[in-house]
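Take a look at the structure below.
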2 protein chains.
Amino acid sequence: MNTHKRQMALRRARDTVAHAMAVARGSGAHTVSSAAPQGLAHPACVPGPGRSCEHPLVDRDLNAALHRYEQTIRGRFEAIEEVLRALSARQHDQDFAHQAQSMSEQRLGFRWPDEALDNAWVSGVDMARLYAHGTFRAIGRCIERVDADQAPWRTRLPVQPDVLRSCGYHTVDISPCADGRLQGLLPFILRTAANEGVLLKAYAGALFDIENDVSDWSQRQLERIVAGHDPRLDYLKVAVYHFSSSSACDQGCAAHGSQDHVAIAEAIARLQGLHHAVAEQFGPDMAPDLMLMGLDTDLDAIRIHLPDALGRIHADRFLDSASLYRETVGMESRRALDHIRQAIAGHVNDLGGLGTRGNEQGMQALAGAWLVANLSQIEYVIEHHAGRYAVIGHDEHFICAGDLLEQLQLRNQFYYAHLDTVEEGAADLDVGVRIFTGLNTRRGLPLPVLVHFAYASAVPGSRERAVQRGRRVAAAVQARYPDLHARGLLQCEVAVSDRRGREPLSFVGLGGQDTRSH
Amino acid sequence: MNTHKRQMALRRARDTVAHAMAVARGSGAHTVSSAAPQGLAHPACVPGPGRSCEHPLVDRDLNAALHRYEQTIRGRFEAIEEVLRALSARQHDQDFAHQAQSMSEQRLGFRWPDEALDNAWVSGVDMARLYAHGTFRAIGRCIERVDADQAPWRTRLPVQPDVLRSCGYHTVDISPCADGRLQGLLPFILRTAANEGVLLKAYAGALFDIENDVSDWSQRQLERIVAGHDPRLDYLKVAVYHFSSSSACDQGCAAHGSQDHVAIAEAIARLQGLHHAVAEQFGPDMAPDLMLMGLDTDLDAIRIHLPDALGRIHADRFLDSASLYRETVGMESRRALDHIRQAIAGHVNDLGGLGTRGNEQGMQALAGAWLVANLSQIEYVIEHHAGRYAVIGHDEHFICAGDLLEQLQLRNQFYYAHLDTVEEGAADLDVGVRIFTGLNTRRGLPLPVLVHFAYASAVPGSRERAVQRGRRVAAAVQARYPDLHARGLLQCEVAVSDRRGREPLSFVGLGGQDTRSH
């Protein structure tokens, strides 16, 4: 990235920050602004005279394709608010309904429900309803267009299923925090293709459910044994905590009160808990491999904590992608790769070896693959977000509860809580709703909640049960936040999808007719 | 059983019925009395001059031991109401607290909480609270004394783990209806020892949770593969519906509106659903064997529906233990056994063979073992309950929600709903609460709800998670029935136990200090 481009990016970022701060002042908010502090040096690279931030191992074409994708997706959601602002000024015009539909069709690609417009002349338009409707339509559009949207980069991601297998893992089960800033983890931060070998279940504070994980683990193991797959392949569990390098006390993990040491200690305890649970039930040789990962949400740089020879994970011992970027940015690509491999080998040596089940080489290789892949993301943030995100805090547009929407993974686009019931997932939802109370509802916008469950189309009744579960969860969400619900500030939708993709995503409503419409 | 003994039993039963009807009239209840109709012939045996009901295959010593056990357990619960009635008359006496404690210690073996008695002279005793307290103490006592109570019959039960294994099953996973009349299923009706190879999870209408079952199934299969156990052993899923032969329209399954054909059809659909779900995920050769069972709750006689050669289970094709009893009561034991074996073989032949995975002999043998074992229970009801239970309807003392209390399984002692959350188990709880609204709360007595979860003591944090889950479920139960809760008519307690028996049962309270007291 040359100096001119970087200066342009910095200027764009400064404008965004200034706008964000003006919005914060205008809204009378007392919270600390989530705009990034000015003048903080980037820990990985500061370009200057004679020095550019162009790392030899970065895939610039991939970055460009991902950036076009990011703009496309964000554009779909941002257009909703723009259109609604324009409509707001005309809601008492005689031909308002006609104007609204034609503007929406042109700008957003869909029509509003007629009955939501017809009575605008009496009591004004229900903007909260339209906003939520538009958000759900935008989600639907992202799913419909996923092939076209993602074709330019999906197969170009460096960590494909064969890489995971060559590292000795048939399944990588990742639990990041539910925080929106982690929701680009797979395609952006780890450059890892979504596929059958990757499970992603987010929980507030990365505090995943051990019993649920034991169930997932045993089903995957059994499937493989039954199918006669390579018995040397293993299961890796990864927990991902996060922190903000520029605003540690305010913009860390909300579930842990932005106390990084608590977030790390609890993630380690949860990983060890899973290990113990499997070892106790199935024998000590069966427990999955473990890895802890940290994410600096300002920069998208990662830390990887590998288990030492005794299987212990240490809060203060990790490999850091920002350091590796800095150390290798000026090198030729082969030397840079060697340097990174040596750094990993040295770290493993310091740990006295790795506590894996005979797969030390594979775990090392996977750590290396993710660290190298992440260098591209560090430079992505340098190039397209001035090195540090303009909005380092929350900026989510909706909450997704239930199963992951695999086809839509993007930073700060949504808050995602993996759950089967609100009763068990209440803590995860509460954190999400608290965050939104400081975002949308402060601006008078509603909080759209998409409840999504996947089903197996080959199993009779599976879709019906997913629909029932979704509606039950949506009702429980409304019951948990009665005040927001009564004021129209909580707008739920239920959607289901087939695990094998035969039905990509259908909105099924809250309990009326199952329309199977998108 | 000779004619004299039977006449005595009949007289006792008539007295009980008369009492129950008087109670029903006195309470002004408009529901149909649940006392058994008079004069209805027993379908298995009517003793008369020269004809006794003494089947050659019945274990009379076992019946006697089980009857003593039933009386002991029921006595512990019935004494509570008797003591409270006595206390009620004295609650304004000067030395009431002293009298109450000494009567309770003498009759019930425990003391009431002091603060529950001290203010009796002001506003009267909170009888609902004492009743619930006494019920939970009686449960605790049954668990404490389980070894002494059950020693006379536990090892004498004919269906021990080796029988299940010899029939080709490492696990028998049984889902009866949550109805209290089915809660003696294992030790009484099927004469089957509770053990690691038997899972029992009850649901209203026997509508078990397919996803939960797939998880249980896969964990059991994997445990066995990992441990290198006999790969020829298989997993059997049994659903148990029920009906009332004397009062089909009123005393059938409440969850299905006493419509037997619906109860049967839905149980069959659920079994097939499980089969499909496993076959789809793990391959068609892996799906568990299936069996449907019906229980006549008037007589404790069973029907066994075996799958035909194509794996279909038919609502109207079954083996019936009452018929087998009648056909063989006069025979010598070897001939009776031969007759039953031939009846089963003939039935299997009519079905064109059995749809099992190469275990036709084993499934036939298990059906035979249960049918023969059930003959003893038929005679138990003839001898000790005049052939048909005096109270054919509901008479539960409490609800148990969560995991089964393995050590306490007795007809109509409690309503048991297997659940992890109230959100998913709401339908099961609603049926139970509706039943109790017609029992205890109509008499002004509260509904005690024991929330119980089992944990694995070897796994760090497992007990703590069970306690948290229990308290979360108890809070959700209170929130679901706010009116009963506010009126003190719903009294919850939370208990946990170690799966391996290191901590048999501890009451841990609703959220205060964890006392580990019994």
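The values are calculated or read from the model by the stated rules, or taken from the named source; none is laboratory data. Keep in mind it's a predicted model, so treat the numbers as computed, not measured. Glycine also receives a Cβ, built like all others from the backbone with ideal geometry; neighbour counts cover every protein chain displayed.
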Among the candidates A:334, A:341, A:303, single out the residue that is without any contact (Cβ under 8 Å) to a residue 40 or more places away in the chain and within 19 Å of residue A:243 (Cβ to Cβ).
A:303
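Would you be able to say whether some residue in segment A:437-450 is within 14 Å of chain B (Cβ to nearest Cβ) and not polar (S, T, N, Q)?
Of segment A:437-450, the ones within 14 Å of chain B (Cβ to nearest Cβ) are none.
Among the residues of segment A:437-450, not one is within 14 Å of chain B (Cβ to nearest Cβ) and not polar (S, T, N, Q), which makes the answer no.
Any idea how many residues of segment B:50-105 are assigned to a loop (DSSP other than H, G, I, E, B) and either in contact (Cβ under 8 Å) with a residue 60 or more places away in the chain or within 30 Å of residue B:127 (Cβ to Cβ) (or both)? Before the answer, list the steps.
Of segment B:50-105, the ones assigned to a loop (DSSP other than H, G, I, E, B) are B:50, B:52-59, B:89-95.
Next cut, either in contact (Cβ under 8 Å) with a residue 60 or more places away in the chain or within 30 Å of residue B:127 (Cβ to Cβ) (or both) only: B:53-59, B:89-95.
Total meeting the criteria: 14.
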Among B:431, B:449, the single one that is aliphatic (A, V, I, L, M), within 22 Å of residue B:175 (Cβ to Cβ) and in contact (Cβ under 8 Å) with a residue 60 or more places away in the chain is B:431
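Looking at segment B:61-89 only, could you name the residues that are loosely packed, with under 15 Cβ neighbours inside 10 Å and touching a helix residue (DSSP H, G or I) at 6+ places or on another chain (Cβ under 8 Å)? Spell out the reasoning first.
Within segment B:61-89, the first condition is being loosely packed, with under 15 Cβ neighbours inside 10 Å, and the residues that meet it are B:61, B:68, B:71-72, B:75, B:78, B:82, B:85-86, B:88-89.
Within segment B:61-89, B:68, B:72, B:82, B:86, B:88 meet the criteria.
If the requirement is being hydrophobic (A, V, I, L, M, F, W, C) and either within 12 Å of another protein chain (Cβ to nearest Cβ) or closer than 30 Å to residue A:337 by Cβ (or both), which of these qualifies: A:398, A:453?
Details: A:398 fails: either within 12 Å of another protein chain (Cβ to nearest Cβ) or closer than 30 Å to residue A:337 by Cβ (or both).
Exactly one residue qualifies, and that residue is A:453.
Please find, within segment B:266-280, the residue that is surrounded by the most Cβ atoms within 10 Å (Cβ to Cβ) out of those that are in contact (Cβ under 8 Å) with a residue 60 or more places away in the chain and more than 7 Å from every other protein chain (Cβ to nearest Cβ).
B:267
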Scan A:175, A:166, A:258, A:245 and give me the residue that is of a type in the set (Ser, Thr, Tyr), out of contact with any helix residue (DSSP H, G or I) (no Cβ under 8 Å at 6 or more places or on another chain) and in contact (Cβ under 8 Å) with a residue 60 or more places away in the chain.
A:245
Specify the residue that is farthest from the other protein chains (Cβ to nearest Cβ); the eligible residues are those in segment A:190-231 that are assigned to a strand (DSSP E or B) and more than 20 Å from residue A:277 (Cβ to Cβ).
A:192
Conditions (1) crowded, with 21+ Cβ neighbours inside 10 Å; (2) at positive phi: number failed by residue B:124:
(1)
Going by the structure shown, is residue A:21 modelled with pLDDT under 90 and under 28 Å from residue A:372 (Cβ atoms)?
no
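What strands (runs of 3 or more DSSP E), lying completely within segment A:414-518, carry at least 1 residues that are crowded, with 19+ Cβ neighbours inside 10 Å and among the acidic types (Asp, Glu)?
Working: elements: A:414-418, A:447-455, A:490-498.
Strands (runs of 3 or more DSSP E) meeting the threshold: A:490-498.
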Among the residues of segment B:245-286, which ones are over 22 Å from residue B:314 (Cβ atoms), under 22 Å from the mean Cα position of the chain (by Cα) and part of a loop (DSSP other than H, G, I, E, B)?
B:246, B:247, B:249, B:250, B:251, B:257
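If a residue counts only when it is of a type in the set (S, T, N, Q) and touching a residue at least 12 places away in the same chain (Cβ under 8 Å), which helices (runs of 4 or more DSSP H) contained entirely in segment A:118-158 have at least 1 such residues?
Details: elements: A:120-123, A:127-144, A:146-154.
The helices (runs of 4 or more DSSP H) meeting that bar are A:127-144, A:146-154.
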Being more than 11 Å from chain B (Cβ to nearest Cβ) and surrounded by fewer than 17 Cβ atoms within 10 Å (Cβ to Cβ) is the filter; apply it to segment A:285-315 and report the residue that is nearest to residue A:352 (Cα to Cα).
A:309
The one condition residue B:496 fails out of (1) in contact with a helix residue (DSSP H, G or I) (Cβ under 6 Å, 6 or more places away or on another chain); (2) away from chain A (no Cβ under 12 Å); (3) among the aliphatic types (A, V, I, L, M); (4) more than 22 Å from residue A:276 (Cα to Cα) is (4)
Can you find a residue in segment B:199-211 that is touching a residue at least 60 places away in the same chain (Cβ under 8 Å) and within 25 Å of residue B:92 (Cα to Cα)?
no
Among what's in segment A:232-244 and is over 21 Å from the mean Cα position of the chain (by Cα) and assigned to a strand (DSSP E or B), pick the residue that is modelled with the highest pLDDT.
A:235
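Per-residue answers, yes or no, for (1) over 17 Å from residue A:176 (Cα atoms); (2) out of contact with any strand residue (DSSP E or B) (no Cβ under 8 Å at 6 or more places or on another chain); (3) among the β-branched types (Val, Ile, Thr):
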position	(1), (2), (3)
A:388	yes, yes, no
A:398	yes, no, no
A:412	no, no, no
A:419	no, no, no
Return yes when residue A:406 is within 30 Å of residue A:318 (Cβ to Cβ) and either polar (S, T, N, Q) or not in a loop (DSSP other than H, G, I, E, B) (or both) and no when it is not.
no
